[in-house]
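Colleague: Okay, here's the structure, questions in a sec.
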Amino acid sequence: MHLLNGHEPFAIEKAIKLLKDGDIVAFPTETVYGLGANVFNPYAVAKIFEAKKRPRFDPLIVHIGEKDWIFDLAEHIPSEAKRLIDAFWPGPLTIIFKKKAIVPDIVTAGLQTVGIRMPLHPVALRLIREFKKPIAAPSANPFGYISPTKASHVAKMLGDRLPLILDGGNSVFGIESTIVSIMDKKVYIHRHGAISAEEIAAVAGAVYDKKEGAVCEAPGELPYHYAPSKPLRLIDAIDEIEIENSAFLSFGIPNIRAVSKYVKILSEKRDLREAAANFFSFLIELDNVDVEIIYSEKIPETGLGKAMMDRLRKASKKYRHTTR
């Protein structure tokens, strides 16, 4: 495994050669680090699933380098989608479209729809544009685990399975893209993420949450996801902490005196943008300390808070039996 500075031209050249040869490459985006392959090479895309141990029924997001590439991949672009593209691309918004036949079924888990986004990170954009083809990429982590926001996270999680990691620094948003679809002129959110529901509504009007139990059309829709290896329990107040040998993820309780052995505060100012930037990184840090359980304070469900709570709930579902 090579870890190279993604801002250096020779690193991009090496990544492009690997992609052309049908291999996979980890690269930075403004949300989290991605694990990419040539979208038009099903054998290369299969390597993503193998490296992550990801189930084949979980579709991948396709990353493009220019807005007009969308016409090569999608059958129809609704007017509501055009408004969202103008407002948020490049950026952390994925839009689901009816796919063209050119998109291999392995990318979309056999569905006739495909999620597409144009990333904002300069390394990601340069890689895709110089490769001159879209890149299919989920987060660069083992399936179901916490998403990586630093190159060092990827190296620790998947380094022995990858030929190259492009280091582009810490992810700015620190949480995955928001995923939406348009049906009957209405915008539905499949996954809350770095663009808030309120921001989308300001551009497209009312937005709706996709109903649970429907077909999995986007990453992160499975019942549990984003989970640390240790049990995680959501709490309303620090007096609910029952186990001393624990870690505590606080949104921003002032003058905190928790019973827990380790404490990380997402934002002392209780700023949701700062909290989101620290979110996965702090969870990974707490998952690597010697404790029995991680407690997490609930986060206000406005703006980016909804995206963080979505991930905390999914992480905690895996360990709901863990109490004392």
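The values are calculated or read from the model by the stated rules, or taken from the named source; none is laboratory data. All figures in this text were calculated on a predicted structure; none of them were measured in a lab. We place every Cβ from the backbone using ideal geometry, glycine too, and count neighbours over all the protein chains shown. Keep in mind that these areas ignore ligands, DNA and RNA; they rest on the heavy atoms of the full protein, side chains included. Shrake-Rupley method; radii C 1.70, N 1.55, O 1.52, S 1.80 Å.
Colleague: Measure off, as a whole percent, the carbon and sulfur share of the 1.4 Å-probe accessible area of the chain, all protein chains present.
Modeller: That share works out to 51 percent.
Colleague: Amide H of Leu3: which non-local residues (sequence gap of 5 or more, or other chain) have their own amide H closer than 5 Å, using H built in the peptide plane?
Modeller: Those lying under 5 Å, H to H, from Leu3 are Ile165.
Colleague: Against the empirical 2.2 N^0.38 Å scaling, what ratio does the C-alpha Rg of the stretch 57-118 come to? Before the final figure, lay out each step's value.
Modeller: Working: Rg = 10.9 Å, N = 62, 2.2 N^0.38 = 10.6 Å.
For the stretch 57-118, the normalised Cα radius of gyration comes out at 1.04.
Colleague: Now, a different point. Mind running the shape call on the stretch 87-246? Use the C-alpha gyration tensor, a ≥ b ≥ c as the square roots of the eigenvalues: rounded below 1.5 for a/c, prolate if a/b tops b/c, oblate otherwise.
Modeller: oblate
Colleague: Using DSSP to define loop residues, name the trypsin sites (Lys or Arg not before Pro) in the stretch 1-102 whose beta-carbon has at most 14 other beta-carbon atoms within 10 Å. Intermediate values should be presented prior to the final figure.
Modeller: Details: sites: Lys14, Lys17, Lys20, Lys47, Lys52, Lys53, Arg56, Lys67, Lys82, Arg83, Lys98, Lys99, Lys100; in loops: Lys53, Arg56, Lys100.
Answer in residue order: Lys53, Arg56, Lys100.
Colleague: Skipping prolines and chain starts, which residues have an amide H placed within reach, meaning under 5 Å, of the one on Ser246, given they are 5 or more residues away or on another chain?
Modeller: Lys261, Tyr262, Glu292
Colleague: Further question on the same structure: Can you list residues from other chains, or at least 5 along the same chain, whose modelled amide H is less than 5 Å from the amide H of Tyr226?
Modeller: When sequence neighbours closer than 5 places are left aside, the close amide H contacts are Gly144, Tyr145.
Colleague: Checking the a/c ratio against 1.5 first, then a/b against b/c, what shape does the Cα gyration tensor give for the stretch 230-291?
Modeller: oblate
Colleague: Mind putting together the pair-distance distribution for the stretch 5-79? All Cα pairs, 10 Å bins, whole percent per bin, short to long.
Modeller: 16, 44, 33, 7, 0
Colleague: Let me ask something else. From the phi angles alone, apply the Karplus equation (6.51, -1.76, 1.60; θ = phi - 60°) to the stretch 166-171 and give each ³J(HN,Hα) in whole Hz, x where the residue is Gly or Pro.
Modeller: So the Karplus estimates, Gly and Pro as x, are 8, 8, x, x, 6, 5 Hz.
Colleague: Would you please state which residues of the stretch 7-33 a label at Glu130 would reach in this model, taking the label point 7 Å out along Cα→Cβ and a backbone N cut-off of under 12 Å?
Modeller: Answer for the stretch 7-33: 7-18.
Colleague: Set the Förster distance to 51 Å, then compute FRET efficiency between Ala237 and Arg161 from the Cβ-Cβ distance, nearest 0.05. Please list the in-between numbers first.
Modeller: On the way: r = 41 Å, r/R0 = 0.81.
Working from the Cβ atoms, E equals 0.80.
Colleague: With every protein chain present, what is the per residue accessible area of the chain (1.4 Å probe, Å²)?
Modeller: Numbers: 13660 Å² over 324 residues.
Ligands and nucleic acids excluded, the figure is 42 Å² per residue.
Colleague: Please list, in order along the stretch 56-72, the HN-Hα scalar couplings obtained from phi with the Karplus expression 6.51 cos²θ - 1.76 cosθ + 1.60 (θ = phi - 60°), rounded to whole Hz, x for Gly and Pro.
Modeller: So the J values, rounded to whole Hz, are 6, 8, 9, x, 9, 8, 9, 9, 10, x, 9, 4, 6, 5, 4, 5, 7.
Colleague: Quick one: what does P(r) look like for the stretch 1-137 with 5 Å bins over all Cα pairs, in whole %?
Modeller: Once binned at 5 Å, the Cα pair distances of the stretch 1-137 give 2, 11, 22, 24, 21, 13, 6, 2, 0.
Colleague: Moving on. Taking the highest mean first, how do the peptides 186-199, 28-41 order by number of other beta carbon atoms within 10 angstrom per residue?
Modeller: Most protected by this proxy first, the peptides run 28-41, 186-199.
Colleague: Here is a follow-up. Please list 3J(HN,Hα) in residue order for the stretch 128-142, calculated via the Karplus relation 6.51 cos²θ - 1.76 cosθ + 1.60 where θ = phi - 60°; whole Hz, with x for glycine and proline.
Modeller: Values per residue, Gly and Pro as x: 5, 5, 6, 6, 6, 9, x, 10, 7, 7, x, 5, 8, 8, x Hz.
Colleague: Between Ala46 and Asp290, what length comes free when the chain is fully extended (0.36 nm per residue of separation minus the Cα-Cα distance, one decimal in nm)? Can you show the working numbers first?
Modeller: Details: separation 244, 0.36 × 244 = 87.84 nm, distance 3.50 nm.
Between Ala46 and Asp290, full extension yields an extra 84.3 nm.
Colleague: Please compute the Kirkwood hydrodynamic radius over the chain, one decimal place, Å, based on all pairs of different Cα atoms.
Modeller: Numbers: mean 1/r = 0.0502 Å⁻¹.
That comes to 19.9 Å for the chain.
Colleague: Okay, moving on. Who wins for biggest fluctuation among Ile146, Ile48, Ile243 in a Gaussian network model of the chain, springs between alpha carbons below 10 Å?
Modeller: Among Ile146, Ile48, Ile243, the largest mean-square fluctuation in the Gaussian network model of the chain belongs to Ile243.
Colleague: Can you show me the helix-derived [θ] at 222 nm for the chain, built from DSSP H runs with n ≥ 4 at -39,500 (n - 2.57) apiece and divided by the number of residues, rounded to the nearest 500. Don't skip to the answer; put the middle values down first.
Modeller: Working: 10 runs with 97 residues, N = 324.
That comes out to -8500 deg cm²/dmol.
Colleague: How large is the charge dipole for the chain, taken about the Cα centre, if only the Cβ atoms of Lys, Arg (+1) and Asp, Glu (-1) carry charge, to the nearest 20 debye?
Modeller: Values: 44 positive and 40 negative charges, 110 e Å.
With Lys and Arg at +1 and Asp and Glu at -1, about 540 debye.
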